[in-house]
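Worksheet: the structure to be examined is printed underneath.
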């Protein structure tokens, strides 16, 4: 399966993280993001580094993705030396396209006709 990130993404960090994923952990990351049980806040991004805070219902985890390593302070990552669901959630979250600004309409008539704005 080819992974094609959106333009201007940090593909050199995201793609290797996803390709090293254990399918079970990847499924948990996808489910957590989709169901809202995992939330990702990017705390720092640059061309060679992504830092994020990943929260679940009880804890927060600090995740770091670089070209050389993927780290998370969760027990799964620390004790099993594996790419955990938190790191995968960060890679998936960072690979999403940038949000598009919604069209703005300042005033509409009751029939939906635009009075001013877009």
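The values are calculated or read from the model by the stated rules, or taken from the named source; none is laboratory data. Everything numeric in this text was worked out from a predicted model, so none of it was measured. Glycine also receives a Cβ, built like all others from the backbone with ideal geometry; neighbour counts cover every protein chain displayed.
Condition check: assigned to a loop (DSSP other than H, G, I, E, B), modelled with pLDDT of 90 or more, surrounded by 15 or more Cβ atoms within 10 Å (Cβ to Cβ) and on the phi < 0 side of the Ramachandran plot. Does residue 83 satisfy that?
Details: assigned to a loop (DSSP other than H, G, I, E, B): yes; modelled with pLDDT of 90 or more: yes; surrounded by 15 or more Cβ atoms within 10 Å (Cβ to Cβ): yes; on the phi < 0 side of the Ramachandran plot: yes.
Taking the combined requirement at face value, the residue satisfies it.
Look through segment 40-59, keep the residues that are out of contact with any helix residue (DSSP H, G or I) (no Cβ under 8 Å at 6 or more places or on another chain), surrounded by fewer than 16 Cβ atoms within 10 Å (Cβ to Cβ) and assigned to a strand (DSSP E or B), and return whichever of them is modelled with the lowest pLDDT.
This residue is 46.
Counting only residues that are part of a helix (DSSP H, G or I) and in contact with a helix residue (DSSP H, G or I) (Cβ under 9 Å, 6 or more places away or on another chain), how many does segment 60-80 have?
Residues of segment 60-80 part of a helix (DSSP H, G or I): 75-80.
Retained after the next criterion (residues that are in contact with a helix residue (DSSP H, G or I) (Cβ under 9 Å, 6 or more places away or on another chain)): 76-77.
Number satisfying all stated conditions: 2.
Which one of 13, 18 is at pLDDT below 95, out of contact with any helix residue (DSSP H, G or I) (no Cβ under 6 Å at 6 or more places or on another chain), part of a helix (DSSP H, G or I) and crowded, with 17+ Cβ neighbours inside 10 Å?
On the way: 18 fails: out of contact with any helix residue (DSSP H, G or I) (no Cβ under 6 Å at 6 or more places or on another chain).
Of the residues listed, the single one that is at pLDDT below 95, out of contact with any helix residue (DSSP H, G or I) (no Cβ under 6 Å at 6 or more places or on another chain), part of a helix (DSSP H, G or I) and crowded, with 17+ Cβ neighbours inside 10 Å is 13.
Of the conditions (1) crowded, with 16+ Cβ neighbours inside 10 Å; (2) part of a loop (DSSP other than H, G, I, E, B), residue 32 clears all except one; give me its number.
Result: residue 32 passes all but (2).
Which numbered condition trips up residue 62, out of (1) modelled with pLDDT of 95 or more; (2) out of contact with any strand residue (DSSP E or B) (no Cβ under 9 Å at 6 or more places or on another chain)?
(2)
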